[in-house]
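The values are calculated or read from the model by the stated rules, or taken from the named source; none is laboratory data. If you're wondering where the values come from, they're calculated on a predicted model, not measured in any experiment. So basically every Cβ, Gly included, is an ideal-geometry build from the backbone, and we count neighbours across all protein chains shown. Note: accessible area is taken over every heavy atom of the protein model, side chains too, but ligands, DNA and RNA are not part of it. Shrake-Rupley method; radii C 1.70, N 1.55, O 1.52, S 1.80 Å.
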Amino acid sequence: MSGSDVTRDGVRGERPGREAAPEALQGTKGGRRRRGEELMVPRAEFRSYYGRPVIKAPAWSPRDIAGYFFLGGLAGAGSVLAAGAHLTGRTTTATAMKISSLAAVSLSATALVHDLGKPERFVNMLRVFKPTSPMSVGSWLLAAYGPAAGAAAASAVTGRLPRAGAAATGAAALLGPGVATYTGVLAADTAVPAWHGAHRELPYLFGASATAAAAGMALVAGPTRENAPARCAGVLAAAAESAIRRAAERRLGMIAETYRTGRAGALLKSAELLSASGAALAALRGGRSRAAAAVGGIALLTGSAAVRFGVFAAGIASAEDPAYTVVPQREAKAARQEAEAGGD
């Protein structure tokens, strides 16, 4: 091929393919399409040199970090439900949720430390407090929440120091929402397209998912006579989870493909089915049948876990395909240029 074979629109005699710039496929002068004119060729797709990713996918273990996301959400939202049960005299549910939250945050911290490789790396994150860093804020949240959850559970199990236990229960409930949602902020703060593009919705999605998990645990561990708040929370959380995820997908544009296809798509479809069926079963039968409450609770717990693993898988898929990094940037740039041209 000689230099004379190359033109502004590509190689002479060759059709634009995956490597073509978007402007080469617009079919109009200056790369802008006239109003009412339809494209005669497919939208350009992007491929980097040798198909290599543009950004480096996080080297996080799916089992450790997605599990850390799920368990932290279960712990934080569980402490809120535990405090509510404590205040309303649902003592069996309150004790069960305090124990559950302590177990969940312990396993969550273990998963995080396992992914970090060395326990001292977590300790090193506590040397400074940086409000602009989700990782720094999250580390301090865990460090403060863990002892509060532990004291609340210990008091509930032993029956000793009830006032101190009540104070610890309140402290864990205050810190719980932050523990449940900060991982959404942490993921959105990365350059991963499927996470960063959903930075507005991801913390709320994680919060709804955490509430569904906590409601599920309360349905499994608490007696039928005490589970009315958990049944209500499960229904609201399942509805919010579905609505927030759809809102994120609408705003993500082409990146939403990563939430609908592959491993992530299968997990998130399963999550929606599990959450909806679990909430419905708990609402319709959970107040009268212990078995129905338990099955509905397990479905809510499993659906919540599937949301976290599905979101994690979508993020990795979006980082591995360079199109999800570059094409939205080019489309946004073209839209800005068209808007500027239209204002002239």
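Converting phi to 3J(HN,Hα) with the Karplus coefficients 6.51, -1.76 and 1.60 and the offset θ = phi - 60°, the stretch 148-162 yields 5, 5, x, 5, 5, 5, 4, 5, 5, 6, 8, x, 8, 6, x Hz in sequence order, with x at every glycine or proline. Ranking of Arg127, Arg90, Arg245, Arg330 by solvent-accessible surface, largest first: Arg127, Arg330, Arg90, Arg245 (1.4 Å probe, protein heavy atoms only, all chains present). Residues Met135, Met254 ordered from highest to lowest accessible area at a 1.4 Å probe: Met135, Met254. If the chain linking Arg250 and Ala167 were pulled fully straight, counting 0.36 nm for each residue of separation and taking away their Cα-Cα distance, it would gain 25.6 nm. Between Glu340 and Thr132, the FRET efficiency estimated from the beta carbon spacing at R0 = 30 angstrom works out to 0.40. Placing pseudo-labels 7 Å out from each Cα toward the beta carbon at Arg290 and Ala59 gives an inter-label distance of 5.0 nm. Working ranking of peptides 114-121, 95-102, 199-206 by packing, defined as the average number of other Cβ atoms within 10 Å per residue, highest first, is 95-102, 199-206, 114-121. For the stretch 150-306, the per residue solvent-accessible surface stands at 42 Å², with DNA, RNA and ligands left out and a 1.4 Å probe. For the set Thr302, Thr183, solvent exposure ranked by accessible area (probe 1.4 Å, protein chains only) runs largest to smallest as Thr302, Thr183.
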